[in-house]
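All remarks here apply to the structure that follows.
The values are calculated or read from the model by the stated rules, or taken from the named source; none is laboratory data. In this text, all values refer to a predicted model and were calculated from it rather than measured experimentally. As a convention, Cβ positions derive from the backbone with ideal geometry for all residues, glycine included, and neighbour counts pool all protein chains shown. We work out accessible area using only protein heavy atoms, side chains counted, and drop any ligands, DNA or RNA first. Shrake-Rupley method; radii C 1.70, N 1.55, O 1.52, S 1.80 Å.
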Amino acid sequence: MNYVELAHRIRAWGVELGFQQVGITGTDLAADETHLLNWLAAGCHGEMDYMQRHGTKRSRPQELQPGTLRVISVRMDYAPPGIASSWDVLADHSLAYVSRYALGRDYHKLMRNRLQQLADRIAADIGPFGYRAFVDSAPVLERAIARNAGLGWIGKHTCLINRGAGSWFFLGELYTDLPLPLDEAASAHCGSCTRCIEICPTRAIVAPYQVDARRCISYLTIELHGSIPDEFRHAIGNRIYGCDDCQLICPWNKFSQPTAETDFTPRHHLDGAALIELFAWTEDEFRRRTEGSAIRRIGHERWLRNIAIALGNARGLPGAVNALLSRAGHASELVREHVQWALQQHA
Ligand code: B12
Ligand code: SF4
């Protein structure tokens, strides 16, 4: 078997399947394992128990999938056209800011299907081989793997950045038992820049390359189940689902390209919808309108919790108080408490 030629074909198939880049790396993640363990020991994962549940499987691919020799790492762009207008949405307190990665269809299934097609093409070419596909679906250190496979470097905000394409992309992997030739790891190009650290509204990038998730708006609005700590509520502004500030400010994103995936096209004008309109969605409407979207995961209760904070931050917005009052008797204590807080901001 000529593995060098096979690697060329795998790259070409990956691009045909809609990935912007395909790289190949081995399984050594020892240095990243140390960073991961320190991060967990400091409690930076907050309530995300799944981050520590799997022992060293996350940093040792062979423990997760015995027989793994190589990891085929892929990336797929998700930026909607006109991503620069995100600043206008952030500056307008009547509008809701939804993370640009979550405006369209959930990426997990889409990328897993494509990775499966890639595996099928390999199998059609060489016969059965050992593999397993992942897209944020198992304990995998995706960014470290992608860096080692040459897809980009881990920025000070901890997202993976590609020199020619910025950081608005998702990552996925095929663990495989094929002894493919290795790509070179990408070199780092943050230099002396610290813009992402400075702009973070909640100071979540506690040191270069270290995000304390407990402070990150993405964690607070998506992962955290209970009450959002008071100290972060003002800083959240109008961000109702995730946060992109560290990527919006990053100079490398001037090289990003809009996605060609129609599935990632924004739905229900979520790239600039009015807070009051979204707050009025009934539970049924929430379920219908977030069908197939990553947003569905948080459920209607946390949706209202997040929008209540944004409405509390929209002092002087006509209709905000009435909208909040309409939810003041909501069945959920979590929603009521956030609505009360928001009403106090208008008092
Ligand atoms: C948990 C998680 C989160 C958590 C924690 C984030 C975090 N930084 O860990 C929260 C909910 C906050 C989050 C937010 C977001 N996430 Co997220 N998340 C993950 C997940 C599931 C695991 C990440 C992880 O392993 N964290 C553990 C820590 C230790 O790793 P790390 O922060 O990457 O740190 C590495 C380096 O910085 C380095 N390091 C750490 N400390 C130190 C210290 C020194 C001195 C040095 C030199 C290096 C160093 O070592 C670590 C290991 O390589 C991955 C999917 C996956 N399975 O990998 C997606 C993933 C990382 N997320 C993703 C996305 C898109 C986001 C958001 C942009 C979503 C949004 N807009 O709201 C934000 C970005 C916030 C940010 N700046 O990170 C993408 C990133 C794509 C990319 N281009 O990088 C991923 C890969 C999912 C995917 N399949 O595409 N996420
Ligand atoms: S904003 Fe600057 S420091 Fe942060 S990731 Fe981008 S280049 Fe690196």
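For region 275-347, with the dipole built from +1 on Lys and Arg beta-carbon atoms and -1 on Asp and Glu ones, taken about the Cα centre, which of Ala294, Phe279, Ala331 lies farthest toward the positive end? The residue sitting farthest along the positive end of the dipole is Ala294. Among 278-284, 16-22, 120-126, the peptide with the highest mean count of other Cβ atoms within 10 Å heads the list, and the full ranking is 16-22, 278-284, 120-126.
Loop-located trypsin sites (Lys or Arg not before Pro) in region 35-69 (DSSP state other than H, G, I, E, B) with a sparse environment of at most 14 neighbouring Cβ atoms within 10 Å: Arg53. Accessible surface for region 275-347, divided over its residues, is 44 Å² per residue with a 1.4 Å probe. Computed 3J(HN,Hα) for region 41-57, one whole-Hz value per residue from the Karplus formula 6.51 cos²θ - 1.76 cosθ + 1.60 where θ = phi - 60°, is 4, 7, x, 5, 7, x, 7, 7, 4, 4, 6, 10, 6, 9, x, 8, 4, glycine and proline marked x. Kirkwood's formula applied to the C-alpha pairs of the chain gives a hydrodynamic radius of 21.3 angstrom.
DSSP finds beta bridges in the chain, and of those with both partners inside it, around 90 percent are antiparallel. If you add up the charges near Tyr3, with Lys and Arg at +1 and Asp and Glu at -1, over every other residue whose beta carbon is less than 11 angstrom from its beta carbon, what do you get? That sum, taken over residues with Cβ under 11 Å, equals +1.
The Rg/Rh ratio of region 1-99, with both radii computed over alpha carbons and Rh defined as the Kirkwood radius, is 1.11. Based on C-alpha pairs under 8 angstrom that are at least 6 apart in sequence, the chain has a relative contact order of 22 percent. Between Leu178 and Leu69, Arg70, the built amide H atoms are under 5 Å apart, and every one of these is 5 or more places off in sequence or on another chain. Separation of region 195-252 from region 1-46 is 26 Å, based on Cα centroids. What the Kirkwood sum gives for region 18-166 is a hydrodynamic radius of 17.5 Å, with every pair of different alpha carbons counted.
Applying the criteria of a DSSP loop state and at most 15 other Cβ atoms within 10 Å to the chymotrypsin sites (Phe, Trp or Tyr not before Pro) of region 39-139 yields Phe129.
Applying the criteria of a DSSP loop state and at most 15 other Cβ atoms within 10 Å to the trypsin sites (Lys or Arg not before Pro) of region 203-274 yields Arg203.
Directionally averaged projected area (region 275-347, Cα convex hull): 4.4 nm².
Remark on Thr259: its backbone amide H falls under 5 Å from those of Ala79, a criterion applied only to residues 5 or more positions apart or on other chains, H modelled at 1.01 Å from N.
Along its three principal directions, the equivalent ellipsoid of region 126-179 from the Cα gyration tensor extends over semi-axes of 24, 12, 9 Å, largest first. Between Trp87 and Asp177, the C-beta separation translates, for a Förster distance of 35 Å, into a calculated FRET efficiency of about 0.15.
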